[in-house]
Amino acid sequence: SQRDILVPLIDELTKEIAEGMLANLKIIHRGEGYIVFTLDSTPVQASRYNYDALFNGHYMIRMDKMHIAMADGMPLFMILTDGVEGDTTPVGDLLAKTEEAISDVGLGDLEIKAMADGGYDSFSCYSQFYRHLGVQLDCHIRENAKFHEDATWEAVQEKYSRMYRCPGFDPYRKNDEDFVLSFLLRNGKDELVGKYIRNKQLEAQKEREES
């Protein structure tokens, strides 16, 4: 069908455009500093001919929703969903596409930072940003958010130590945060990693508010 032919072509064109944007950002930053990767969503109001569009009670319109991965504010990849889909659902797919583009272009010594609004404040989002981009998401966390005592650094280390039979375990690297978190993700402990990173962001947010 035409769809089977066009969709792969569109995906490849989108990937080439995204990689071109990243390459330009490398030039703009002269290989120094950092690039900020963000996720966001925006309503796409349905036309009167779009009979399948769902009503969104927040925006009070019938709509679809566009989910966008951006680098320094420039859109790289987009995924269209129905109008009541949660912001967190397409995160894995968007970050996987972004990870592939970064890998193909190579950012050299440029640091990667990640930011998002409170709509992405979930354990899954924190762990997926770390899995795909290797960064700890800086996300706005609601007031009175709970600090998870079962995900302190000591608790994470204890869990790591108990997994000594898993492939890749190294007893001499239990103080290496990146190694430990990556190991836990490879072994299915996404929620623990997400809780730990969220705890860190919660503490950092409180320090900023108090200063």
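Summary of values
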item: Residue list for segment 159-211, restricted to those being within 27 Å of Ala116 (Cβ to Cβ), open to solvent by 90 Å² or more (accessible area, probe 1.4 Å) and polar (S, T, N, Q); result: Ser211
item: Test: residue in segment 50-72 that is outside any loop (DSSP other than H, G, I, E, B), touching a residue at least 40 places away in the same chain (Cβ under 8 Å) and over 20 Å from Tyr130 (Cα atoms); result: no
item: Sole exception among (1) over 11 Å from the mean Cα position of the chain (by Cα); (2) at pLDDT 95 or above; (3) open to solvent by 40 Å² or more (accessible area, probe 1.4 Å) for Asp93, by number; result: (1)
item: Subset of segment 130-158 that is assigned to a helix (DSSP H, G or I) and small (Gly, Ala, Ser) - its residue that is least open to solvent (accessible area, probe 1.4 Å); result: Ala151
item: So Val36, is it farther than 19 Å from Leu110 by Cβ and surrounded by 13 or more Cβ atoms within 10 Å (Cβ to Cβ); result: no
item: Among the candidates Ser127, Ser122, residue that is surrounded by 14 or more Cβ atoms within 10 Å (Cβ to Cβ), touching an Asp or Glu at 6+ places or on another chain (Cβ under 8 Å) and of a type outside the set (Val, Ile, Thr); result: Ser127
item: Test: residue in segment 79-88 that is open to solvent by less than 70 Å² (accessible area, probe 1.4 Å), within 19 Å of Leu133 (Cβ to Cβ), modelled with pLDDT of 95 or more and not polar (S, T, N, Q); result: no
item: Segment 14-33, subset open to solvent by 100 Å² or more (accessible area, probe 1.4 Å) and assigned to a helix (DSSP H, G or I), residue modelled with the highest pLDDT; result: Glu16
item: Checking Asp104 against (1) over 17 Å from the mean Cα position of the chain (by Cα); (2) of a type outside the set (Gly, Ala, Ser); (3) surrounded by 15 or more Cβ atoms within 10 Å (Cβ to Cβ), the condition it does not meet; result: (3)
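The values are calculated or read from the model by the stated rules, or taken from the named source; none is laboratory data. Every value quoted in this text rests on a predicted model; they were computed, and no experiment measured them. Neighbour counts run over all protein chains shown; Cβ positions are idealised from the backbone, glycine included. What goes into the accessible areas is simple: the full protein's heavy atoms, side chains included, and nothing from ligands, DNA or RNA. Shrake-Rupley method; radii C 1.70, N 1.55, O 1.52, S 1.80 Å.
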